[in-house]
Amino acid sequence: MKISLLVSIALGSAFSASAQDAQTIADNAAKAAYYQGNDGRAIVSMKITDKQGRERQREFVILRRDAGQDLEDQQFYVYFRQPADVADTAFLVRKRPLANDDRWLYLPALDLVRRIAASDERTSFVGSHFFYEDVSGRSPQEDRHELLEETEHYYVLKSVPKQADAVEFSYFKSWIHKDSSIAVKSEYYDDNDSAYRTYEALKVETINGHPTVTHSKMTDLIRSGSTTLSYARVEYDAGLAENIFSERYLRNPPTEFLEF
């Protein structure tokens, strides 16, 4: 399948190799997407478009801190700045690749902190076409990976969930750029081998030496509609304090790290 994406990728990443097993390729893609630098932050603009073409805009800041090396534990904090109906909403994740993640959502209108169950990880993130799990990433250890194809620039993987009853998809395919290990496209398939959901990395830039997705899109092929994410002011190794990734900061946002 020819990939016609507007992706500008800087070559020469450390992950280029012609003969890698499928698990290694999947691990490297997860590292490139979620583990670059010791921590990171960015301002994210979200545009949600429904099947009638109507649009809603959201803006949030995302903070990420690694608690270990490579594919080990991580912490994520998402704080919504606008529009008014979602402003001050906060989302906290403690990611454990070898166990269920812990996720909390703070709803300011109700002054309520709600625990997000593991069964809800693959549901809509604040009304968008991205899922909660998409924000912090799916562990490559949760799937069995098969190398379907190798082209000049891409590895094409098929990933089948080890716990089929925990997810809504039968499998997904990923097109992973060889030189950067960035997954530039993913397609999710149902039990009838029909694609129903597609992720695309529309733009990749090199920031502080790290290939970084700065514009992405998730499309619902069944109900129509899509959500795009645009990243600005991306920063790695920002020196984020560990204590801000706690439930206390859901109600009291760490403003010194959110304003930049």
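Principal axis analysis of the Cα atoms in the range 84-170 yields extents of 50, 27, 20 Å, listed in decreasing size. Residues SER224, SER180, SER119, SER246 in ascending order of nearby Cβ atoms (within 10 Å, fewest first): SER119, SER224, SER246, SER180. Let's test the formula: R0 of 22 Å, r as the Cβ-Cβ distance of PHE260 and ALA166. What FRET efficiency results, to the nearest 0.05? Efficiency computed from Cβ-Cβ geometry: 0.05. In order along the range 153-168, the phi-based Karplus estimate (6.51 cos²θ - 1.76 cosθ + 1.60, θ = phi - 60°) of 3J(HN,Hα) comes to 10, 9, 9, 10, 10, 10, 10, 10, x, 6, 10, 5, 7, 8, 9, 8 Hz; Gly and Pro are listed as x.
Computed from Cα positions, the angle between helix 22-34 and the longest principal axis of the chain comes to roughly 30 degrees. Under 5 Å from the amide H of ASP101 lie the amide H atoms of ARG96, each residue being 5 or more positions distant or on a separate chain, with H modelled from the backbone and absent for Pro and chain starts. Taking the number of Cβ atoms within 10 Å of each Cβ as an exposure proxy, the fewest-first ranking of THR228, THR123, THR49 is THR123, THR49, THR228. On the principal axes of its alpha carbon atoms, the range 22-258 extends 48, 41, 32 Å, with the longest extent given first. Cβ-to-Cβ counts within 10 Å put HIS153, HIS177 in ascending order as HIS153, HIS177, the fewest first.
Subtract the Cα-Cα distance of ARG251 and VAL113 from 0.36 nm times their separation in residues, and report this length gain in nm to one decimal.
48.8 nm
Backbone amide hydrogens, once placed in the peptide plane, bring LYS185 within less than 5 Å of TRP175, ALA201, excluding anything fewer than 5 places away on its chain. The modelled label-to-label distance for the pair ASN243/GLU205, using points 7 Å beyond Cα in the direction of Cβ, is 3.4 nm.
Comparing GLU72, GLU121, GLU133 in a Gaussian network model of the chain where C-alpha atoms under 10 Å apart are linked, the largest mean-square fluctuation is found at GLU72.
All of the numbers you see were taken from the coordinates with simple rules; none came from a lab. If you're wondering where the values come from, they're calculated on a predicted model, not measured in any experiment. Glycine gets a Cβ as well: all are built from the backbone with ideal geometry, and neighbour counts include every protein chain shown.
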